[in-house]
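The values are calculated or read from the model by the stated rules, or taken from the named source; none is laboratory data. Computed from a predicted model, the values in this text were never measured in an experiment. We place every Cβ from the backbone using ideal geometry, glycine too, and count neighbours over all the protein chains shown.
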Amino acid sequence: MISLLCSLVGLYTYLIIGRVILSWFPANPNGPLGQVVRIVMMLTDPVLLPVRRVLPLAGPLDLSPLVVLLFLQIVVQGMLLRC
């Protein structure tokens with residue numbers, strides 16, 4: 001059970017990193033990359049949006065992925081699951 005949770009947290013970590021990388025490239029919303037972006041956003045927004053609302057503005061930088069990744073790695077994988 002713990003290994004499954006560790007794998008899911010790892011997969012979600014890759015989704016967030018993928019979202020950050022995809023945000024660097026403009027995508028046609030009707031193209032295949034646009035569909036991938038939409039799916040990744042749909043999967044990561046429920047976690048990133050609440051963090052984004054709480055964080056102070058850092059200019060044009062969105063620091064919410066960094067905060068969520070640190071939380072996942074340190075608290076969830078490190079302390080709770082001990083992956």
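With the structure loaded, tell me whether V68 is free of Cβ contacts under 8 Å to residues at least 60 places away in the same chain, touching a helix residue (DSSP H, G or I) at 6+ places or on another chain (Cβ under 8 Å) and surrounded by fewer than 15 Cβ atoms within 10 Å (Cβ to Cβ) or whether it fails that test.
no
One residue is enough: does segment 3-19 have a residue meeting the conditions surrounded by 13 or more Cβ atoms within 10 Å (Cβ to Cβ) and among the aromatic types (F, W, Y)?
The answer is yes; a qualifying residue exists.
Can you tell me which of L70, L80 is part of a helix (DSSP H, G or I) and under 12 Å from the mean Cα position of the chain (by Cα)? Give the steps one after another, and end with the answer.
Working: L80 fails: under 12 Å from the mean Cα position of the chain (by Cα).
So the residue among L70, L80 that is part of a helix (DSSP H, G or I) and under 12 Å from the mean Cα position of the chain (by Cα) is L70.
The conditions are (1) at pLDDT below 95; (2) closer than 24 Å to M1 by Cβ, and P29 fails exactly one of them. Which is it?
Answer for P29: the failing condition is (2).
Could you tell me which residue of segment 28-52 is surrounded by the fewest Cβ atoms within 10 Å (Cβ to Cβ), considering only residues that are over 24 Å from V75 (Cα atoms) and in contact with a Lys or Arg (Cβ under 9 Å, 6 or more places away or on another chain)? Working first, answer last.
Step one: list which residues in segment 28-52 are over 24 Å from V75 (Cα atoms), which gives 28-39.
Narrowing the set further to residues that are in contact with a Lys or Arg (Cβ under 9 Å, 6 or more places away or on another chain) leaves 29, 37.
Values: P29: 10, V37: 20.
Ranking the candidates gives P29 first.
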